[in-house]
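Nothing in this text is a laboratory measurement; each read-out follows from the coordinates by a stated rule. Only a predicted model underlies this, so the values are computations on that prediction, with no experimental measurement involved. Here the Cβ positions follow ideal geometry from the backbone for every residue, glycine too, while neighbour counts run over all protein chains shown.
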Amino acid sequence: MSASPATRRLLAAVLAAGALVGAAAVPAAAHDDDRRGHHGRHSSIVIGDVQHESRGRDSRALNREWVEVKNTGRGAVNLRGFTLTDQDGNRYRFDRLRLDGRSSVKVHTGNGRDTHRDVYQDRRHQIWDERDTATLRDDRGRVIDTESWGRRGHHDNHRR
């Protein structure tokens, strides 16, 4: 049994339209899955500069040791619950800090009074070594950025 030319043309048009709709839908779905799988890579909060291993054990020397946390986005971000850790497991937890867009805060090792530009871990000993890794996690414990230094051929793991 043979289909009429009109039926064949109609069937060909339906199949072609279906192929176009299917081709357009596949990249969109793949793009959505890709974004969900790499949530941390798209964060506007990143580790900036690092000043490690300052000389001396007094409070001034400890406050010359710091890690900068930057907000590269336009909007403010509440850092409450975010953590900054070194490779030995020393951890600083942000409390009440709202980081404005396009701004940064330095997390100092020593003692001081917290401001919107500088916060202090209140430690008595240095924590950032010559060879170390700083890891920044959000309030759910997801890694959003890392920075390593002092390893031959391995300096920066930023995901910007």
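Calculate, for Q87 and T115, the FRET efficiency according to 1/(1 + (r/R0)^6) with r their C-beta to C-beta distance and R0 25 Å; round to the nearest 0.05.
Working: r = 28 Å, r/R0 = 1.11.
For R0 = 25 Å, the calculated efficiency reads 0.35.
Within the range 67-160, report the GluC sites (Glu not before Pro) that DSSP leaves as loop and that have at most 15 other Cβ atoms within 10 Å. Walk me through the numbers before you get to the answer.
Values: sites: E68, E130, E147; in loops: E130.
Here the sparse-neighbourhood loop sites are E130.
Report the net charge of residues surrounding N71, where surrounding means a beta-carbon distance below 10 angstrom and charges are Lys +1, Arg +1, Asp -1, Glu -1. Before the final figure, lay out the partial values.
Details: positive: K70, R74, R98, R102; negative: D100.
Net charge around N71: +3.
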- Item | Loop trypsin sites (Lys or Arg not before Pro), the range 61-152, which have at most 14 other Cβ atoms in a 10 Å radius of their Cβ (DSSP) | R74, R80, R96, R102, R113, R117, R124, R131, R140, R142, R152
- Subtracting the Cα-Cα distance of D95 and A61 from 0.36 nm times their residue separation yields 9.8 nm
- Message: Report the Cα-based extents of the range 72-142 along its three principal axes, largest first, to the nearest Å.
- Response: 33, 28, 19
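Taking the Cβ of D132 as the center, what net charge do the other residues with Cβ under 10 Å away carry, scoring Lys and Arg +1 and Asp and Glu -1? Mind dumping the intermediate values first?
On the way: positive: R131, R151; negative: E53, D86, D88, D129, E130, E147.
Every neighbour counted, the sum reads -4.
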